[in-house]
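The values are calculated or read from the model by the stated rules, or taken from the named source; none is laboratory data. For clarity, every value in this text was computed on a predicted model and none was experimentally measured. In this analysis, Cβ positions are derived from the backbone assuming ideal geometry, glycine residues included, and neighbour counts consider all displayed protein chains.
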Amino acid sequence: MLYRYIVNILNDKCPECAEGSVFLTRFKMKEKCDVCDAYFIEKNGDNWFFLLFIDRAFFIFPVVVMLYFGLSMAYMLIGTLFSLLVFIYATPFRLGLSLSFDYYMRFNQRSN
Ligand SMILES: [Zn+2]
């Protein structure tokens, strides 16, 4: 189920019906599906937890790797700038992934 949500959303498809699109622009999600009216953002800030977690992983992991290999300051700076670019570039991916988790959690809560 979670896997299907992730695949759908990363392909810009509604996790519910797999027909409507999820993203309004590269950096903005729609509030609900045009086709089946499933809400992507149910309560404002609901998927912040996952977004924060994913963001941390994105940022901290490269820094830890760089520290581990004891790179010089110049390399650290380049590495940080690079991960920032990747970070911005991967925004739809980050949003989509956190939405997938959020959607999955909501679905599970309802069925319990
Ligand atoms: Zn839909």
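Starting from the range 76-94, take each residue that is in contact (Cβ under 8 Å) with a residue 40 or more places away in the chain and list its partners that are part of a helix (DSSP H, G or I) and hydrophobic (A, V, I, L, M, F, W, C), counting only C-beta distances under 6 angstrom and pairs at least six apart or across chains.
As it stands, the answer is Arg94/Ile54, since those pairs meet every condition given.
Residue-wise test of (1) among the aromatic types (Phe, Trp, Tyr); (2) under 27 Å from Tyr5 (Cα atoms); (3) modelled with pLDDT under 80.
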{"site": "Ala38", "(1), (2), (3)": "no, yes, no"}
{"site": "Phe53", "(1), (2), (3)": "yes, yes, yes"}
{"site": "Met66", "(1), (2), (3)": "no, no, yes"}
{"site": "Phe69", "(1), (2), (3)": "yes, no, no"}
{"site": "Tyr75", "(1), (2), (3)": "yes, no, no"}
{"site": "Leu95", "(1), (2), (3)": "no, yes, no"}
{"site": "Asp102", "(1), (2), (3)": "no, yes, no"}
{"site": "Met105", "(1), (2), (3)": "no, yes, no"}
{"site": "Asn108", "(1), (2), (3)": "no, yes, yes"}
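Which condition does Arg4 not pass, out of (1) surrounded by 12 or more Cβ atoms within 10 Å (Cβ to Cβ); (2) away from the ligand (no atom under 16 Å from the Cβ); (3) assigned to a helix (DSSP H, G or I); (4) over 14 Å from the mean Cα position of the chain (by Cα), if it passes all the others?
Failed condition: (2).
Here is a list: Val64, Val35. Which entry is of a type in the set (A, V, I, L, M), within 16 Å of the ligand (Cβ to nearest atom) and surrounded by fewer than 15 Cβ atoms within 10 Å (Cβ to Cβ)?
On inspection, the qualifying residue turns out to be Val35.
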